[in-house]
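Structure record follows, encoded as structure tokens.
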Amino acid sequence: MSKKTVFNDTHRALGAKMVDFGGWDMPINYGSQIEEHHQVRRDAGMFDVSHMTILDLRGEQVRPFLRKLVANSVDKLKAKGKALYACMLDDKGGVIDDLIVYYLAEDFFRLVVNAATRDKDLAWITAQAAPFGVAISERRDLAIVAVQGPNARAKVLELLSPEAAQVAGKLGKFVACEADGLFVARTGYTGEDGFEVMVPEAQAVDFWNRLLAVGVKPAGLGARDTLRLEAGMALYGQDMDESATPYEAGLAWTVALDEGRGFTGRAALEAQKAAGAARQMIGLVLDEKGVLRHGQAVFCASGEGEILSGTFSPTLGKAIALARVPAGDIGAVEVDIRGRRLPVRVVKYPFVRDGAAQPGVLA
């Protein structure tokens, strides 16, 4: 039986189409997925992401533990509230999960990990934390609402006290603060500015309804997926997993080979970097009619690969995709769509930034 977030009845009252997502009963849309997508790109939309897992880590050895746990360097986290995107790797350099780390105090860090990987993540983190004496608590008492779009921050700030709004309004990107009992983080998964707000479950539905009252419209997981793909953001389970290293998943920027830090998977990554990764991630645009989908075969000069994430882009009016192909000279690229090989263009991603197509994406 699917788990339910505190907003489940609210979603249904708003006419949401519900689906199973990672074992959770979640809204895929509330009507038009494309309208929800445009709402976020042009104004402000909100997503229930309470299915995500929040873990609070406490203890004197939390930082040394995290230095070993993730491939990015938590030593970058020095100011309270600062956040870091990172990958948690196995010994072979495969990605167990991608996550966000928040620094709250020297003995207190917060992690947010994916919903579908909750069980394996918790087992891995607990086992790895044991030698460091780190206490782990899962915060199922907190709901999460992502408010995204060019007007999203202003809408949230309207709902805060003047004192809290002043603090939250000054947050830099990838920084969080406590505000009126809420945990407000300037993070997101849409390519738009905004906040992800952790709110006590007892206050969550009221907070959602107050957002509705100031013009923030709900959006489902369908729009969240098209938005994140336009923004070139990887999805765990499609664009990365244990079978791919960060170098093969377009996430080399999340690897910090800082001196003297022996994180799990480092030896495998160093060997791969020295030899050169066998596979690479590329962005694709289809100018003809058709939709690019996960699993479609990709043919290029370096060999055969496959589409990992593909969709129709509402912002661009074209199909876009992330694909993994063999390393080397790519040359002309074709994708097999229902037995027909169609030419596609290789472009740098993100495909969309600040609501507009990136240079070179539109032919």
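Values quoted throughout were computed directly from the atomic coordinates according to the rules given, and no laboratory measurement underlies them. For clarity, every value in this text was computed on a predicted model and none was experimentally measured. Cβ sites come from the backbone with ideal geometry, for glycine too, and all protein chains shown count toward neighbours.
Count charges around Gly222 for me, please; just the other residues with Cβ under 12 Å from its Cβ, Lys/Arg as +1, Asp/Glu as -1. Spell out each step's value before the answer.
On the way: positive: Lys17, Arg224, Arg228; negative: Glu35, Glu36, Asp225.
Overall, the nearby charge balance is 0.
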>> Sort 255-263, 111-119 by the packing proxy (mean of other Cβ within 10 Å over each peptide's residues), most packed first.
In response: 111-119, 255-263
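Taking the highest mean first, how do the peptides 76-87, 91-102 order by number of other beta carbon atoms within 10 angstrom per residue? Working shown, then result.
On the way: 76-87: 17.7, 91-102: 21.4.
Averaged packing, sorted descending, gives the order 91-102, 76-87.
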>> Strictly greater than 21 Å: what percent of every Cα pair in region 41-187 meets that?
In response: 46 percent
>> I need the calculated FRET efficiency for the pair Lys76 and Glu288, taking r as the beta carbon distance and R₀ as 45 Å, to the nearest 0.05.
In response: 0.55
> What residues of region 289-316 lie in the reach of a label at Lys348, counting those whose backbone N is under 20 Å from a point 7 Å from the Cα along Cα→Cβ?
Replying inline: 316
>> Just to verify a number: FRET efficiency for Ala274 and Gln238, C-beta to C-beta distance, R0 = 30 Å, to 0.05?
In response: 0.60
> Under 15 Å from a point 7 Å along the Cα-to-Cβ line of Met1: which residues of region 18-58 have their amide N that close?
Replying inline: 24-25
> Mind ordering 177-190, 43-56, 335-348, 296-309 by average Cβ neighbours within 10 Å, highest first?
Replying inline: 43-56, 177-190, 296-309, 335-348
> Which length gain, in nm to one decimal place, applies between Cys177 and Ser161 when the Cα-Cα distance is subtracted from 0.36 nm times their residue separation?
Replying inline: 4.4 nm
>> Just to check I understand the Karplus step: with θ = phi - 60° and J = 6.51 cos²θ - 1.76 cosθ + 1.60, what whole-Hz values come out for region 330-338, glycine and proline as x?
In response: 7, x, 6, 10, 10, 10, 7, 10, 6
>> Please enumerate, by chain and number, the lysines with C-alpha under 18 Å from the C-alpha of Lys17, excluding those fewer than 8 residues away in the same chain.
In response: Lys3, Lys4, Lys217
>> On a straight-distance basis, which lysines could pair with Lys76 in a cross-link, Cα separation under 25 angstrom, same-chain partners fewer than 8 positions away excluded?
In response: Lys68, Lys92, Lys170, Lys173, Lys273
> What helices in the chain pass both tests, a Cα length along the helix axis of 18 Å or more and a mean Kyte hydropathy of -0.5 or higher, using whole DSSP H runs?
Replying inline: 201-213
> Going by how many other Cβ atoms sit within 10 Å of their own, how do Phe351, Phe108, Phe65 line up, fewest first?
Replying inline: Phe108, Phe65, Phe351
> Of Val147, Ser73, Gly59, which is farthest on the positive side of the dipole of the chain, counting Cα position, with +1 on Lys and Arg Cβ, -1 on Asp and Glu Cβ, and the Cα centre as origin?
Replying inline: Val147
> Taking K and R as +1 and D and E as -1, what net charge do the other residues with C-beta under 13 Å from the C-beta of Phe263 add up to?
Replying inline: -1
>> Give me the percent relative contact order of region 1-275, please, defined on Cα pairs under 8 angstrom at least 6 residues apart.
In response: 26 percent
>> From zero outward in steps of 5 Å, how is the percent of C-alpha pairs of region 278-363 spread across the bins?
In response: 3, 16, 29, 26, 16, 7, 2, 0
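With charges set only on the Cβ (+1 for Lys and Arg, -1 for Asp and Glu), what does the dipole of the chain come to about its Cα centre, in debye to the nearest 20?
Values: 43 positive and 46 negative charges, 104 e Å.
Using only the charged Cβ atoms, the result is roughly 500 debye.
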> Just how large is the dipole of region 278-363 about the Cα centre, in debye to the nearest 20, putting +1 at every Lys and Arg Cβ and -1 at every Asp and Glu Cβ?
Replying inline: 160 debye
>> Please report, in whole Å³, the volume per residue of the convex hull around the C-alpha atoms of the chain.
In response: 140 Å³
> Which of Phe195, Pro246, Val298 sits farthest toward the positive end of the charge dipole of region 195-309, with +1 on the Cβ of Lys and Arg and -1 on the Cβ of Asp and Glu?
Replying inline: Phe195
